[in-house]
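Structure, as C-alpha cells:
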Amino acid sequence: MTVAEDVCMPTAGPTAVGEPAASAMAVGTAAGELGLKRGEFAIAVHLGLIRLMMPQGGGRPRVGRDEIERLRSQDGFPKTLRERVRTVGTAEGARRLGISPDRFTRFARAGCLTPVTFYLNRYRAIVWLYLADELAGFAAREPQLLTGRSPGWLRDRLEGGADCRAGNWRSHRVERLLSLTEDPWARVAVLADTLDPVQLAEVVDDPYERAYLARLRPDPAFGPTGPVWARETMAHLMRADEPDELLWRRVNLIMELDNAREVRPAPRPGGDRRAFPTPVGERAPAPDSRADADADADADADADADADVRSGARSGPECDLVPGAPSSAPPGPCPEPDPVQAPTGAAEAVVGLLARIGLRRRTSRKAGRRQSPPRRAPFAG
C-alpha cells in the first residue's frame, strides 16, 4: 500500500478575519478547482503558494474564493502552478541532472539536495521526493559537482555515515510552519514536535503546558487519514536525532517558551489560584476554617523556601555542569558556583539556560549536598 506524506503533513495558514462562510470552501474542493492532486495541493500550501484560512470557531482549514480566483488569474494557469509543485524521485532526478542514480543519492545524503516530501511504499520504506525546480537550480549553481570526481569534503562526509535527508527535510518544514503563525504558543508547539517525549519533559516540565502544546500541534489539511504506522513514521521523522540538532532545537524551544509564557500563561483546570497582594487599606479576608491540612502543609513549605532565600541558599533544585555538550557547541563549562551564594544577573540567566537544555544535572535542594558524579546529558545519538 502506498501512502503519500500529505496524509500526515500538517499545513497551517493565516487566520481569517470576518470572512463569510459562503466564500470559503474545503481544501478537497479547492484542490479540484485548481486541478491539483492531494499531494500537489499539500506541497503548494507548504511552499506558500496557496493561503489557507483557519475558521474562527475551529475546524478544518478552508480556502477562500478570492484565493482561488487569484491563482486562476495567473499566467499559464494551471500548467505553471503544477510545474512549481512537480516532484521527482531518485531515478527521474538523476536523469534530469545527467548523472547516475547512485551519485544522485550520494548528493542527497551529503546534504546537497533537500527533499520536499516523501511517501511510504508497500514495504513501508521511505521514498524521498524532490522539487524539479530545485534540481534545476542546483545544476545551474554547482555544475562542477555533476562531472568528474566528487570533492574531498563530500567523500569524507559520506564515509562518516552522514545522511542529511531527514534533517534537511525537517528543518525546511519547521521553518515553513513557524513562518505561518505568529501565535507564541503555536510556535512552541511546532518546535515541541521535534523532541521525543522524554526530551520535551526535560525542557517543558509543566504537564499542563505539555497538554496545551499537544492540542496546538498543526493538523493535516485533509484530516488525520491514513494508517497508524504512516502517522508514526511521520512523527519519527519530525524528531531530531543528532546531538547538534538536539541542542539547537532545545535552545530554540526554550527561547520560544519563555516568550510564550510572558505573553500569556497556558490554560489550567480551575483557573489561576495564585495569591495576589491585598490593596492598602483593605482588610484581608479571614482564613477559611474548612481548609484542609494540605493547604497548611503547602504554606509551611513556602515559608521554608522563603527562609532559604533570605539565608542566601538557592531555592529549588540546584544544578551542576556535566560534559554533555557536543564539541561544536561554543559555550564551555561554567565555573562551579558557590553553594552558599546564588548567582545573580547575567550569570543566573546562563545557569538557568544550561540547566534547561540538559547541560547541568539536578542536585539535592539542600545547599552543599552533592549527588552522583557528573554524567552525560540525555541526548539521543
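The values are calculated or read from the model by the stated rules, or taken from the named source; none is laboratory data. Keep in mind that this is a model prediction, so the values were computed, not measured. Ideal geometry is used to build each Cβ from the backbone, glycine not excepted, and the neighbour counts take in all protein chains shown. We work out accessible area using only protein heavy atoms, side chains counted, and drop any ligands, DNA or RNA first. Shrake-Rupley method; radii C 1.70, N 1.55, O 1.52, S 1.80 Å.
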* Which one is farthest from GLY137 (Cα to Cα), of the residues in segment 73-90 that are open to solvent by 70 Å² or more (accessible area, probe 1.4 Å) and either touching a residue at least 24 places away in the same chain (Cβ under 8 Å) or in contact with a His (Cβ under 8 Å, 6 or more places away or on another chain) (or both)? -> ARG82
* Filter segment 174-183 down to residues that are in a helix (DSSP H, G or I) and out of contact with any helix residue (DSSP H, G or I) (no Cβ under 7 Å at 6 or more places or on another chain), then give me how many there are. => 2
* Asked: What is the one condition in (1) of a type outside the set (Phe, Trp, Tyr); (2) within 24 Å of LEU237 (Cβ to Cβ); (3) touching a residue at least 40 places away in the same chain (Cβ under 8 Å) that GLU134 does not satisfy?
  -> (3)
* **Any pair with Cβ under 9 angstrom, 6 or more apart, that starts in segment 91-105 at a residue that is touching a residue at least 24 places away in the same chain (Cβ under 8 Å) and open to solvent by 50 Å² or more (accessible area, probe 1.4 Å) and ends at one that is part of a loop (DSSP other than H, G, I, E, B) and not acidic (Asp, Glu)** => GLY98/THR147
* To do: Consider VAL127 carefully, then state whether it is modelled with pLDDT under 95 and either open to solvent by 30 Å² or more (accessible area, probe 1.4 Å) or of a type in the set (Asp, Glu) (or both).
  => yes
* Residues (surrounded by fewer than 17 Cβ atoms within 10 Å (Cβ to Cβ), of a type outside the set (D, E, K, R) and in a helix (DSSP H, G or I)) located in segment 136-167 -> ALA136, GLY137, ALA139, ALA140, PRO143, GLN144, LEU146, GLY152, TRP153, LEU158
* To do: Return yes or no: is TYR119 out of contact with any Gly (no Cβ under 7 Å at 6 or more places or on another chain) and open to solvent by 80 Å² or more (accessible area, probe 1.4 Å)?
  => no
* Test: residue in segment 17-31 that is open to solvent by 50 Å² or more (accessible area, probe 1.4 Å) and modelled with pLDDT of 70 or more -> yes
